[in-house]
Amino acid sequence: MQVKLKNYYSKYRGLFILACILTIIWVMISMLVPMILAFTVDGVLLGQEPALPGFLLKIYHNLGREYFLARLWIPGLLMIIRYIIGASIMYLRNICAATFAQTGTEALRNALFRQLQLLPVAWHKQIDTGDLIQRCTSDVRQINHFFHRQIMHILQTVTTLLMATILMLSFDWRLGLIPLALAPLVVVISTRYYRSRFLAWELWEEAEADLSARLQETITGIRVVKAFGREDYEYKEFKTKNQYLYNYGLDVFRKMANFWFELDIITQGEIGIILVLGSLMAYRGTITPGTLLLFIFYSDKVIKPLRIAARAITATSTVKVAWQRLQEILGAQAEADESHLQKKNLKGNIRFENVSFSYPDGDETVLKNLNFTINAGENIGILGPTASGKSSLLLLLQKIYDADSGTIYFDDIPIDELDREQLRQEVGLILQESFIFSRSIKKNIAIAVDNAVDSEIQQAAKSARLHNDINQFKQGYETLVGERGVTLSGGQKQRLAIARSLIRSCPILIFDDSLSAVDPMTDKQIRNELQKRQQNLTTIIVSHRVSTLMECDRILILNHGQIEAFATPSELMRQDGLFKRIYEMQMNWEEAQ
């Protein structure tokens, strides 16, 4: 899906138009400076016909040269007035342009953040977090700078070139043709530079994003790096990627240096040609000294905008790359809007009918033709070897992924007819590695509910057997846990995640091996507390701890994505299957201890 950049900047386009008008007025006023100088030299000091427009020339003749000789302060005053007016106009122009750019950039950032939240998990799995951060910060900043400054510089350059060329042609067409003759050469060089710069900048941006991703990943996993003594390895990997960034960056700046070198030769050569030919013409009396001075100043006014335009050309290529990278986010297919679907308060009945599933980026079928029923209020355990499909099954229950075939029913309602957002409020999923935000414990627990009061937060923590641990911290519930909960132990993280789900009072609660870091006694206390807190709570527990599964009403055994058994613990113990083998292994291990 194509997204247009102007959609985010159209709200305050009136300010943009006003900034453009003020830029044109400022250029017109700046054109007066060479005229005032030429008038002072020719009309006042030398007594020759000054190079002025007709109506100003008429004023000069009416007042006479002697009038201005007696009042030499007039040209100086005119220069001061011109600079005051010009500065005021430029100030207003910058305010308008900045407001326009910042407003559009704010809308763009909001859209990016909202889109990132709406994109499916499958999309997020394909891209590095560091790369996303790079796009949402550096690339957005490039676009903001373009709309704030560079686009005004382009307009200023075009207006200055047109007005200066028209004025020079009107004063002397022969000297005026010199900038026109060199203009095509500037266009060719600029176009060639733009194309090469675009390709080089694209490689540089990708290398910088790759480096950012590596840095973010290494810092996040610093404990693992240190635990395995991989500091030198990570440093070498970072150094390699940094070398790529250096090479691409050097290529960009080498192209930029070549461009500036060629542009300077042309622009400075233009002044040199005008100075030589103009001096000969002034010596022969074809033009006045003031007109020569005027041409030199106008040439300089053309050169400066050309240099600014070169930066704008650079910014244009940069913005094009940045916008292409942002479009990959904004144009990605988000999760469908399901607000029109049913928003039901579920009782807790779940039924799988011929459900099969494979991940979008995989070829293997992870779940194969599953058929089973869970009744409201049941405590269901799930057991299976690694890669048996346990976590995949749980993800289907929250519509994080959709089944390839078959249907999942909640209270006899097909999952496709239920609103995704409401369903996720009804089905609480507690992952083994739940993400802990770099906020206070209180805010981490309350994140699942708007306007949660302290009593609700504390009750959820008590049910998760975390309240006593929290009180041992100096700042209690206001304790900051650090990035990814670095200050908490594994068991405390899991219990915080449990408290975060309990505060919502979901009718269906899923533990994806999220009690693995909790000791057996606390595990049992938490499960007992769940039954006390909420009647008819449907609980699904994925666990490899047999003591936990033995207290379940029934246990679903998965193997290679298929149901191997679905029965009570006592029935499974009478069968010579996976559950009995794991039970005997764990019992033997405990006895050996």
Across segment 155-164, in residue order, what do the Karplus-derived ³J(HN,Hα) couplings come to in whole Hz, using 6.51 cos²θ - 1.76 cosθ + 1.60 with θ = phi - 60° and x for Gly and Pro? 4, 4, 5, 4, 5, 5, 4, 5, 5, 5
Specify whether the C-alpha gyration tensor of segment 375-422 places it in the rounded, prolate or oblate class, a ≥ b ≥ c being the square roots of the eigenvalues: rounded for a/c under 1.5, otherwise prolate if a/b is larger than b/c and oblate if not. oblate
Just to compare against my own numbers: the Cα pair-distance distribution for segment 76-130, 5 Å bins, whole % per bin, please. 4, 15, 12, 12, 9, 9, 8, 7, 6, 5, 5, 4, 2, 1
Can you classify segment 327-443 as rounded, prolate or oblate using the Cα gyration tensor, where a ≥ b ≥ c are the square roots of its eigenvalues, rounded means a/c under 1.5, and otherwise it's prolate if a/b beats b/c and oblate if not? rounded
Phi angles of segment 94-110, converted by Karplus (6.51 cos²θ - 1.76 cosθ + 1.60, θ = phi - 60°) into ³J(HN,Hα) in whole Hz with x for Gly and Pro, give 5, 5, 4, 5, 5, 4, 4, 5, 5, 5, x, 5, 4, 5, 5, 4, 4
For segment 425-460 and segment 368-422, what is the centre-to-centre distance using only Cα atoms, to the nearest Å? 23
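Would you mind telling me the share, in percent, of accessible area of the chain contributed by carbon and sulfur at probe 1.4 angstrom? Don't jump to the answer; show the numbers that get you there.
Working: 17230 of 30620 Å².
After summing per-atom areas, the C and S share lands at 56 percent.
Run the helix sum for the chain: -39,500 (n - 2.57) per DSSP H stretch of 4+ residues, divided by residue count, reported at 222 nm to the nearest 500 deg cm²/dmol.
On the way: 24 runs with 364 residues, N = 593.
About -20000 deg cm²/dmol.
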Would you grab the residues whose amide H sits under 5 Å from the one on Leu119? Only those 5+ places off in sequence or on another chain, please, with H modelled 1.01 Å from N. Glu335
Probe 1.4 Å, all protein chains present, accessible-area order of Phe410, Phe297, largest first: Phe297, Phe410
Rolling a 1.4 angstrom probe over the protein chains, ignoring ligands and nucleic acids, what is the accessible area of Met585 in square angstrom, nearest 10? 130
Report the normalised scattering of the chain as log10 I(q)/I(0) at q = 0.11 Å⁻¹, calculated by the Debye formula with identical scatterers on the alpha carbons. -1.11
Phi angles of segment 122-135, converted by Karplus (6.51 cos²θ - 1.76 cosθ + 1.60, θ = phi - 60°) into ³J(HN,Hα) in whole Hz with x for Gly and Pro, give 4, 5, 5, 5, 8, 9, 6, 4, x, 5, 4, 4, 4, 5
Please give the Cα centre distance for segment 527-578 versus segment 1-78, rounded to the nearest Å. 85
The answer for the chain, accessible area per residue at 1.4 Å probe in Å², is 52
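Among bridges DSSP assigns within the chain, what percent are antiparallel (round to 5)?
Working: 18 of 37 bridges.
Given both bridge residues lie in the chain, the antiparallel proportion sits at roughly 50 percent.
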Amide H partners (placed H, <5 Å) of Ile541, local residues excluded: Ile380, Gly381, Ile382, Phe511
Among 505-512, 393-400, how do they line up from the highest to the lowest mean number of other beta-carbon atoms within 10 Å? 505-512, 393-400
Taking amide H atoms as placed 1.01 Å from N in the peptide plane, list the residues 5 or more away in sequence, or in a different chain, whose amide H sits under 5 Å from that of Lys344. Asp419
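The values are calculated or read from the model by the stated rules, or taken from the named source; none is laboratory data. Predicted, not measured: the structure shown is a model, and the values here were computed from it. Positions of Cβ are generated from backbone atoms using ideal geometry, with glycine treated the same way; all protein chains shown enter the neighbour counts. Just the protein is used for accessible areas: all its heavy atoms, side chains included, with ligands, DNA and RNA removed. Shrake-Rupley method; radii C 1.70, N 1.55, O 1.52, S 1.80 Å.
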